[in-house]
Amino acid sequence: LGEHYGLMYYTIGQRRGLDIGGQAGDAGRWFVVEKDIKNNILYVAHGAEDRLYSKGLYMKEWNWIPAEPTEKDFKCKAKFRYRQEEQGVTVHIGKDGITVDFDEKQRAITEGQFCVFYDEEKCLGGGVIEKAIFWSFQKLPFNRLIDGFIVEIYAKNAAHAIFNRVRLLKLLNV
């Protein structure tokens, strides 16, 4: 079905550049749903994009401008992507990390990208996204959650990702 040339070239939710093409009976476009960096596996799926939406995120690394807020829990606006409109969030500052709850579900929150906090025109700070937080039903293996097929794309050579093999997983009925 396809190959990948290195996980660093793909982002969660990406639809273009997968070079998978259509399959008979396809139920929508293919898109990236997960990256397993340890095993060099790119997971893609097609059909409903519900798997891409999260209710929050967690950060371990952050910086405040000019100083840490006095409140450990507060509401503000945030951006997760360039050119994105600011989104309403509630920030919870913990001892070991920051949890951010979204006012509205957000699509394709991606590990390694940045979350930046705003109070109107003023930048409060931001940090590196450690992980997206999904609703509890999404913690099941996602091959039980998406209609259609899930494709695992394995790179034979992790350093160069030159030759890849593909395995289709049929969904289990839940």
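Data overview
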read-out	value
Scan of the stretch 65-78 for residues that are assigned to a strand (DSSP E or B) and open to solvent by 60 Å² or more (accessible area, probe 1.4 Å), ordered by number	D73, K75, K77
Residues satisfying the stated conditions in the stretch 65-123, i.e. hydroxyl-bearing (S, T, Y) and within 30 Å of I37 (Cα to Cα)	Y82, T90, T99, T110
Of all residues making up the stretch 94-116, the number that are part of a strand (DSSP E or B), open to solvent by 20 Å² or more (accessible area, probe 1.4 Å) and out of contact with any Phe, Trp or Tyr (no Cβ under 6 Å at 6 or more places or on another chain)	6
The listed residue being at pLDDT below 85 and crowded, with 17+ Cβ neighbours inside 10 Å, out of Y10, Y43, Y53, Y58	Y43
Checking Q113 against (1) in contact with a Cys (Cβ under 9 Å, 6 or more places away or on another chain); (2) at pLDDT below 95, the condition it does not meet	(1)
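The values are calculated or read from the model by the stated rules, or taken from the named source; none is laboratory data. Computed from a predicted model, the values in this text were never measured in an experiment. Here Cβ is always computed from backbone atoms with ideal geometry, including for glycine, and neighbour counts include all displayed protein chains. Ligands, DNA and RNA are excluded from the accessible area calculation, which covers all protein heavy atoms including side chains. Shrake-Rupley method; radii C 1.70, N 1.55, O 1.52, S 1.80 Å.
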